[in-house]
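Step one of this worksheet: look at the structure below.
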Amino acid sequence: MNADHSNAPRVVALAGGVGGARLVDGLDSVLPKDALTIVVNTGDDFVHWGLHISPDLDTVMYTLAGLAPEERGWGIEGDTFHVLAEAERRGADAWFRLGDRDLMTHLLRSRALAGGDSLTKATAKLCGGLEVMRPILPMSDSPRPTTIVTRSGDEMAFQDWLVRARAAPEVQRVEHGGPDRPTGQVIEALRSADLVVICPSNPYVSIGPILSLEGIRPILREKPTVAVSPILAGRAVKGPLSSMIAQLEGKPASAEQIATHYQDLLDGFVVHTGDAFSATFPVLESNILIQTREDRVVLARALLDFAGSLR
Ligand code: FO1
């Protein structure tokens, strides 16, 4: 797909997992070389089987490599699970479904980190190995683990809550551990961006960790920033978001609630057709259900045209 935005803006997309990766896929299809950088949440990262797992970095990378399953979104399409079956046989943790091809990503990343590479460097090497040309930047090179504090006061590691407990325990609050230091590359990318896109990822546990880092919000306030709603007609397109909104905000899930959460960062907001509301910034109605490649390209184009109209 050639770029049809000759005077394309330099875009920095903030993304988490599957929802964010889908819009990134659309932006990748329509933006010329050097016009798209992706900053990815690492709050979901954890150590499993002794390996450093970065689910959101992998989901974005696999999506841009054309390896991600179109519906499920994470892991590698058609992957096998022989090692996982062996883990089950031996009573080793099998709750987090790592495929055999996916495993190589975790082995290579863990080896690079053990060899002294930063997560940014390790990610660049993995992208090179999969011929992914777009810069995929971890939000930080330091651990910034997301902790879910449940209503009963338990503190749960994110994947334990999301995958092992199937996001059942009610959320009292979301905490971000570790230093709040973004990488220099992330700050540099944001500073030289013409447009920042907040992808349709969970604002609390996918975009929130990025915004929690030192200096990020002040830059977004001075840059044209457009978000795409992860909520459609009061329901999350993917994952536990609608119940999180009810638990964390005590309000029903809505696109408007998402915009309120982002407060003064937004210069524009893209919602699903029918979900528009009056706001202090322009709201564009579009189809935000973007399972197919074509839908992603259409949304990416609509978003870029919308952002162009804001300048
Ligand atoms: N999500 C699940 O619900 N179950 C899994 O077993 C699972 C395994 C998995 C393996 C690799 C990977 O990159 C992602 C994986 N995910 C799984 C998705 C992941 O937990 C979420 O996509 C992100 O953490 C939230 O965006």
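The values are calculated or read from the model by the stated rules, or taken from the named source; none is laboratory data. Bear in mind the structure is a predicted one, so any value in this text is a computation, not a measurement. Counting neighbours? That spans all protein chains shown, and the Cβs are built from the backbone with ideal geometry, glycine included. SASA here: full protein model, heavy atoms, side chains in, ligands and nucleic acids out. Shrake-Rupley method; radii C 1.70, N 1.55, O 1.52, S 1.80 Å.
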statement: Matching residues in segment 212-233 (open to solvent by less than 30 Å² (accessible area, probe 1.4 Å) and more than 16 Å from the ligand (Cβ to nearest atom)) number 10
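So if I check each of Trp74, Trp49, which one is open to solvent by 40 Å² or more (accessible area, probe 1.4 Å) and under 30 Å from Ser242 (Cα atoms)?
Trp74
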query: Picking from Val18, Val24, which residue would you name as being touching a residue at least 40 places away in the same chain (Cβ under 8 Å), buried (at least 22 other Cβ atoms within 10 Å of the Cβ) and farther than 23 Å from Lys223 by Cβ?
result: Val18
query: Looking at segment 232-289, which of its residues are under 18 Å from the mean Cα position of the chain (by Cα), aliphatic (A, V, I, L, M), under 20 Å from Pro169 (Cβ atoms) and outside any helix (DSSP H, G or I)?
result: Ala236
task: Check off (1) over 22 Å from Asp25 (Cβ atoms); (2) buried (at least 20 other Cβ atoms within 10 Å of the Cβ) for Leu304 and give me the number that stays unchecked.
output: (1)
query: Does segment 290-311 hold any residues that are in a loop (DSSP other than H, G, I, E, B) and more than 16 Å from Ala13 (Cβ to Cβ), and which are they?
result: Gln291, Thr292, Arg311
